[in-house]
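Read the figures in this text as sums done on the coordinates, not as results from a lab. Note that this is a predicted model, so its numbers are computed, not measured. Here Cβ is always computed from backbone atoms with ideal geometry, including for glycine, and neighbour counts include all displayed protein chains.
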Amino acid sequence: MNPDAHHVWRAPRWALAVLLAMLAMLGPFSIDTYIPAFSGIAHSLAASPLHMQQTLSAYLFGFAFMSLFHGALSDSVGRRPVVLWGLAAFTLASMGCALSQSIGQLVFFRGVQGLTTGAGIVVSRAVVRDMFPPSEAQKVMSQITIYFGVAPAIAPMIGGILFDRLGWHSIFWFLTGVGGLLWAANYRLLPETLHITHRQSLKFSNLMQGYWKLGKDPRFVLLTLASGIPFNGMFLYVLSAPAFLGEHLQLAPTQFFWFFIFSISGIMSGAWMSGHLAGKILPSQQIRYGFTIMLVIALINLVANALFKAHAAWAMFPVAIFAMGWAMMVPVVTLLVLDLHPDRRGMASSLQAFVASSANGMVAGVIAPLVMHSTLGLAAASLGMMAIGLVAWIGLRWKWPEVGGKV
């Protein structure tokens, strides 16, 4: 933690949480806002479904790759410069997407978007731990989780409205405006939170030593899996929303908002509970509660879809409850990741984001297309995503029971 934190930020804690939450939202917002316009973009640019998939893959691979370096750079040059340069590059890349006249140009600029967007979510996590002690950091991280989880739900709604009324170019002009506003807000408001004595040398050898230090620590690997994979149990349904809601639940597009309302309500409830419990129970106990909720509801969802035909009257509730369990435990796991190696918090956040974004890319490009046309397949895949994180957490606690054992 920055020893001068109380001088660095004098405004209310919630104000910094909102600023960092907006940064964290940018990544998922950039993924999901343009999804409703897939058909329109394909028609406008004479692109095949494979080409359209490449616009998503280019973004996700760019995001995953550069996530390895945003945090490491911020450990060396400071948090503020990485955020500002990342936002500036994202804004220009979004403008390039809006002006694209061919599918090749769009794929290229989407890749550049991915390379730049991760600065927000990666560095914002490190800033939280720079500024707050553990219990307060958990409350702030819970507030950020609300916005991060809400973004994948509301982004398709905004994108659909823009596409319907103004065409697909307007979606990327909208993202250009968002990037510009975030740059201006952070230029004016975001302080440098990395204390000068905590900075790392910006040498290739030092970076490699840092990656090796984290990568060979099994506690870090297991915590990263526990925090980064379970989100996809919910994200899978967001990616499959057109098939899940339209094909299986027989809902009209104007009724899709119910799914997003349920999902958002679950995330907000879980994140509120996480912040409310901060400092009152052991981190390990709170994580256990979150995983228990996800496990029970995922099993119920699997059995229900095996025995009954999915119906709108009940099929959306399991996703909302799953989201609540995820939002309840993920702020705590994230802080445990950052605190394993306090001198490498930026790098730890980078590697954590790399694992999560790689999993997101795998789900979007491989798993979702395979299972989206079966509600039983969706339920099984959701349970599988959660199980990976749960097994990682159980293995960690079995080998290192002290992790998460202190408030």
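Computed over the stretch 6-53, the percent of Cα pairs more than 11 Å apart is 74. Just to check, using Stokes-Einstein with a Kirkwood Rh over alpha carbon pairs, what's the diffusion coefficient of the stretch 176-225 at 4 °C and 1.567 mPa s in µm²/s? So the translational diffusion coefficient is about 91 µm²/s. The length gained by stretching the chain between LEU166 and SER201 to full extension, at 0.36 nm per residue less their Cα-Cα distance, is 7.8 nm.
Treat every Asp and Glu Cβ in the chain as -1 and every Lys and Arg Cβ as +1, leave all other atoms uncharged, and give the resulting dipole magnitude about the Cα centre to the nearest 20 debye. Show your work: numbers first, answer last.
Numbers: 23 positive and 12 negative charges, 145 e Å.
It works out to roughly 700 debye.
Sorting TRP393, TRP258, TRP326, TRP212 from the fewest to the most surrounding beta carbons within 10 angstrom yields TRP212, TRP258, TRP393, TRP326. Please check: in the Gaussian network model of the chain (C-alpha springs, under 10 Å), which one of PRO218, PRO331, PRO12 has the largest mean-square fluctuation. Of the options given, PRO12 has the highest mean-square fluctuation. Put +1 on the Cβ of each Lys and Arg and -1 on the Cβ of each Asp and Glu in the chain; which of ALA271, PRO218, PHE308 then has its Cα farthest toward the positive end of the dipole? So the residue furthest toward the plus end is PRO218. State the Cα centre-to-centre distance between the stretch 161-200 and the stretch 35-74 in whole Å. Centre-to-centre (Cα) distance: 18 Å. Note on the chain: GNM, Cα springs under 10 Å; of VAL319, VAL337, VAL391, the largest mean-square fluctuation is that of VAL391.
When the P(r) of the stretch 169-316 is calculated, the portion above 24 Å amounts to 62% of the C-alpha pairs.
Taking other C-beta atoms within 10 Å as the exposure proxy, VAL303, VAL363 rank VAL303, VAL363 from fewest upward.
Dividing the summed -39500 (n - 2.57) terms of all DSSP H runs of n ≥ 4 by the residue count of the chain sets its mean residue ellipticity at 222 nm at -26000 deg cm²/dmol.
Within the same chain, lysines fewer than 8 places from LYS213 are excluded, and of the rest, those with a Cα less than 22 Å from its Cα are LYS203, LYS399. Restricting the stretch 203-286 to trypsin sites (Lys or Arg not before Pro) that sit in a DSSP loop and have at most 11 other Cβ atoms within 10 Å of their own Cβ leaves LYS203, LYS216, LYS280. Straight distance only, please: which lysines reach the Cα of LYS139 with their own Cα at less than 20 Å, same-chain residues fewer than 8 apart left out? Hits, sequence-local ones excluded: LYS280, LYS406.
Dipole orientation for the chain: of the candidates GLY389, VAL107, SER76, SER76 has the Cα lying most toward the positive pole (charges on Cβ; Lys, Arg +1; Asp, Glu -1). Rounded to the nearest 20, the Cβ-based charge dipole of the stretch 134-293 about its Cα centre (Lys and Arg +1, Asp and Glu -1) stands at 580 debye.
If you wrap a convex hull around the C-alpha atoms of the stretch 1-153 and split its volume per residue, what is the figure in Å³? Don't skip to the answer; put the middle values down first.
Numbers: hull volume 16.0 nm³, N = 153.
Convex hull of Cα atoms, per residue: 105 Å³.
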